[in-house]
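Input: a single structure, listed below in structure tokens.
Taken together, the values in this text are just the output of simple stated rules run on the coordinates, not laboratory data. Computed from a predicted structure; not experimentally measured. Here the Cβ positions follow ideal geometry from the backbone for every residue, glycine too, while neighbour counts run over all protein chains shown.
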Amino acid sequence: MTGLHMALHSSPKYSGALNNTAPGGKPPCHPALPYLSAYPAPLREQARQWLQQDKLEPWLLDKHPQPHDLRTDKALYGYVAELRSRYMRNAAQLQKVLYDSKLHVVHNALGLHTRKAQVHGSRINTRHEIRIAALFKQTPEAFLRMIVVHELAHLREPEHDKAFYQLCTHMLPDYHQLEFELRLYLSWSEHAGRSLWQPDQAATAGSGTTTAEQS
């Protein structure tokens, strides 16, 4: 099976409403693919054809057979802290890392990094938090890593500019391809109405994929 491949110099940001239902409540004949809206038209059309022909599910499972097993906020914090220590040792400390069930993947992209200024006497301290949408508890480690790398890069680079994406690809060389594959999965999941990976898959996959050494 020919693969879908996309390597961009800068990743597109999602724009548009997550609404794949036509008037009258019936799904449209052609999936809207809002998560891929910023990609070239020929690539979107290929993705749409694969979705309609039921090719995306086996392709994604072949590339990413198992979900990660980082189910708790504590495990997620340790995972993020390891990546930060490896690639961004001098970056700001993280006060909180957690899965957020209220985080909307459209309005807040795939994750959220926040800065909170707190006044202590004559000093102003900044608290940094990373929140990951809870639906990413049931995705492969490669997808989680891509999101974490994105949010870690914001500790140093607040804008989605050239310097930001250079930092992302320093931490994760195939960052752009993984973001594309993640957006393909989100498009498939919305179309199918379910998750592709189940939590018990990680439990039966031996040692799992909890280390920060893959992808």
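Computed values, structure above
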{"read-out": "Förster radius 30 Å - calculated FRET efficiency between ALA38 and LYS63, Cβ distance, rounded to 0.05", "value": "0.85"}
{"read-out": "At R0 = 25 Å, FRET efficiency that the Cβ-Cβ distance of HIS170 and ARG194 yields, to 0.05", "value": "0.10"}
{"read-out": "Sorted by Cβ density within 10 Å, fewest first, the residues TRP188, TRP59, TRP197", "value": "TRP59, TRP197, TRP188"}
{"read-out": "Point-to-point label distance, GLU129-GLN95, nm (Cα→Cβ direction, 7 Å offset)", "value": "0.9"}
{"read-out": "Cross-link pairs beyond the 28 Å C-alpha cut-off, checked among LYS55/LYS162; LYS55/LYS102; LYS74/LYS102; LYS102/LYS162", "value": "LYS55/LYS162; LYS55/LYS102; LYS102/LYS162"}
{"read-out": "Rounded to whole Hz, the Karplus (6.51, -1.76, 1.60) HN-Hα couplings of region 66-71, x for glycine and proline", "value": "10, x, 6, 10, 8, 8"}
{"read-out": "Neighbour-count order for THR72, THR169, THR139, fewest beta carbons within 10 angstrom listed first", "value": "THR72, THR169, THR139"}
{"read-out": "Whole-Hz ³J(HN,Hα) from phi, Karplus 6.51 cos²θ - 1.76 cosθ + 1.60, for region 95-101, glycine and proline x", "value": "8, 8, 9, 7, 7, 10, 6"}
